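Heads up, the thing below is written out as structure tokens.
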Amino acid sequence: MAAADLYKKAFYFLIVAGSVLLALFILSLLEDAGRNYLVSDFGFDFDSRGRLAPRAGPDAPNMMTVTGISLIENVIRIFKVILWMVFVVSLIRLLTNILFETVLRSAAQTEIATLLRTVLSIVIYIVAFFIIFQSQYPQIELAPLFTGSAILGIVVGLALQDTLGNLFAGLALQVDHPFEVGDVIVMANRGQGVVESVSWRGVRIRTFQNKLLVISNAALGKETIEVAPQYNLNARLVMFNTTYSASPAKTAQVVREAIRQVDNVSTKMRPVIRIRDFGESSLDWEIKYWPENYAKFNDTDAMIRQRIWYAFQREGISFAFPTRTHYTAAGPETPSIEEQVSTTAEYLERVPIFAPLSDEETAQLARSSIRRVYAPGELIVRKGQEGTSMFVIIRGSVKVQLPDAAGPRTINQLGPNDFFGEMSLLTGEPRSANVVAEEETDVMQIRKAAVKPIFEANPELLETISAMIEERRKLLTQEQFEQTMRPTRPESGMMSAIRKFFGIGEY
Ligand code: CMP
């Protein structure tokens with residue numbers, strides 16, 4: 001609260017307090033004068049406790065006068081009680097204003113301040129009323145009236161049952177402080193929205209349809225509430241699905257790209273895009289993202305779905321049909337064996353080391369090759385394992401890595417038309433390194449049995465490949481651990497080692 005506002009309130013208080021005190025002062029002057037006048041002229045006397053009492057004897061006042069005077073006395077007392085209460089109320093209002101709006105408001109929550117202020121003020125008013133009333137009517141005992149009267153207790157209890165229930169539930173809510181104004185809360189049976197205010201009666205929630213949901217504290221206390229605090233990054237899940245033919249790696253990449261530009265998706269946390277389930281007829285996915293402003297998640301979810309739809313259109317990824325839809329369609333055309341062989345052969349022809357092979361030899365190699373696809377990060381070849389096949393990369397890329405105490409160390413990268421796994425295949429030694437798919441990668445796996453006749457017929461192929469193995473070995477040996485793990489063979493010995501392993505005679 002602004003200081004000027006506070007000064008204004010203090011000024012009003014001074015005026016009210018001054019007027020009340022002045023009124024009380026004038027009232028007591030008039031009262032004294034009146035009492036003395038009654039004693040001297042109207043047959044009244046002061047009793048032992050200083051109260052007016054009709055004098056006995058011949059000049060005693062008549063009944064009418066006595067009743068009239070006691071009525072006037074009562075009116076004056078009630079008037080005094082009212083004036084004192086006005087004074088107390090304005091004083092308490094000023095003090096609580098100063099205390100709660102300046103000190104507590106900065107330290108605690110606004111709602112707590114308001115609630116405490118109301119409760120505290122009510123208690124003080126009641127106590128003040130007791131004291132003031134007793135000072136004017138000392139002969140009436142109020143305490144037993146309240147404590148002793150069971151009927152009054154029941155009446156008050158019943159009348160205030162809900163109010164008190166709300167008050168205490170509100171207090172418990174404030175102590176617990178599970179949410180504050182601006183947070184989004186979700187109540188299982190009642191809906192969800194942004195908390196707009198918290199009072200000692202209940203909580204007002206602005207729903208996402210811009211309606212106002214008012215719920216009493218007592219009712220709220222019985223609810224299970226999910227809170228998304230406003231100064232917290234709260235995650236959202238958005239679901240979608242694709243057909244089983246859509247590549248997971250590609251889908252994840254396309255979706256990541258699609259939602260990158262969506263407003264309100266926090267850049268502080270990288271969205272998680274993952275397969276939630278293998279559905280009946282779809283790959284079921286979920287996106288976990290963190291909205292900057294959680295209260296706007298409906299719009300953000302919708303925009304994410306829209307962007308995914310467009311991205312899928314461009315990339316040829318299809319959403320799955322509803323799970324219960326039965327449709328008859330010609331299955332995908334599977335190419336004949338010969339077509340498959342010729343496609344594989346085309347790939348193999350592009351690989352430089354297989355260039356010297358005749359068409360028949362390439363076709364032969366193609367026939368015994370198997371096409372395989374690996375996910376990003378998947379291990380294709382593990383260091384130290386036995387290896388009986390080599391691989392030619394058709395699409396994607398791989399990293400050749402040496403495991404290290406500090407994590408894998410990449411020593412080379414290979415792309416389309418490169419090959420790997422030849423070292424073990426040709427020498428019978430354990431795999432010399434890990435080979436890991438860097439992205440979604442298609443490879444052609446060729447087994448030892450398939451390459452053996454090719455090498456027998458093509459000594460120059462053996463030479464080229466030996467030279468390449470030497471090159472790769474050199475790089476491996478440069479890496480400090482390799483020295484101890486696998487001593488390099490002398491170059492001249494490489495060819496004969498391969499020949500020996502394959503059981504190929506000297507040429
Ligand atoms: P292999 O030893 O069977 O299994 C690991 C494979 O990693 C290895 O065959 C090679 O094909 C490949 N490799 C090892 N070192 C290198 C390197 N320096 N450059 C490229 N590829 C390599």
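Some observations on this one:
- Computed [θ] at 222 nm, helices only, for the chain once each DSSP H run of length n ≥ 4 contributes -39500 (n - 2.57): -16500 deg cm²/dmol
- Between helix 248-260 and the chain: long-axis angle, C-alpha atoms, 0 to 90°, nearest 10: 40 degrees
- Kirkwood-based shape ratio for the chain, expressed as Rg/Rh from alpha carbons: 1.39
- Solvent exposure, largest accessible area first (probe 1.4 Å, DNA, RNA and ligands not counted), of 245, 19: 245, 19
- Under-5 Å amide H pairs with residue 202, H placed in peptide plane, nonlocal only: 217
- Principal axes of segment 180-246: Cα extent on each, largest first, Å: 58, 25, 22
- Surface analysis of the chain yields an accessible area of 58 Å² per residue, using protein heavy atoms and a 1.4 Å probe.
- Rounded, prolate or oblate (a/c below 1.5 giving rounded, otherwise prolate when a/b exceeds b/c) for segment 238-278 by Cα gyration tensor: prolate
- Global geometry of segment 351-502, whether rounded, prolate or oblate, following the gyration tensor of its Cα atoms and the 1.5 cut on a/c: oblate
- Burial order of peptide ranges 28-35, 286-293 (average beta-carbon count within 10 Å, highest first): 286-293, 28-35
- In a reduced charge model with +1 at each Lys and Arg Cβ and -1 at each Asp and Glu Cβ, segment 236-315 shows a dipole moment near 300 debye about its Cα centre.
- Hydrodynamic analysis of segment 236-315 uses the Kirkwood radius over alpha carbon pairs. Inserted into Stokes-Einstein at 20 °C and 1.002 mPa s, it gives a translational diffusion coefficient of 168 µm²/s.
- About the Cα centre, charge dipole magnitude for the chain (Lys/Arg +1, Asp/Glu -1 at Cβ), debye: 1100 debye
- Comparing 34, 203, 166 along the charge dipole axis of the chain, the residue lying farthest to the positive side is 34, per the Cβ-charge model.
- Computed from phi, the 3J(HN,Hα) profile of segment 306-318 under the Karplus parametrisation 6.51, -1.76, 1.60 (θ = phi - 60°) reads 4, 4, 5, 4, 5, 5, 5, 4, 5, 8, x, 9, 10 Hz, with x in place of Gly and Pro.
- Local electrostatic count at residue 299 - Lys and Arg +1, Asp and Glu -1, tallied over other residues with Cβ under 14 Å: +1
- Heavy atoms of residue 260 accessible to a 1.4 Å probe, total area in Å² rounded to 10: 140 Å²
- Packing around the peptides 355-361, 410-416, taken as the average count of other Cβ atoms within 10 Å per residue, puts them in this order, highest first: 410-416, 355-361.
- The angle separating the long axis of helix 150-176 from the principal Cα axis of greatest extent in the chain is about 40 degrees.
- For the chain, the longest principal axis of the C-alpha atoms and the axis of helix 459-478 are separated by about 40°.
The values are calculated or read from the model by the stated rules, or taken from the named source; none is laboratory data. For clarity, every value in this text was computed on a predicted model and none was experimentally measured. With ideal geometry, Cβ positions are generated from the backbone for all residues, glycine too; neighbour counts draw on all protein chains shown. Quick note on the areas: whole protein, heavy atoms, side chains included, nothing else; ligands and nucleic acids left out. Shrake-Rupley method; radii C 1.70, N 1.55, O 1.52, S 1.80 Å.
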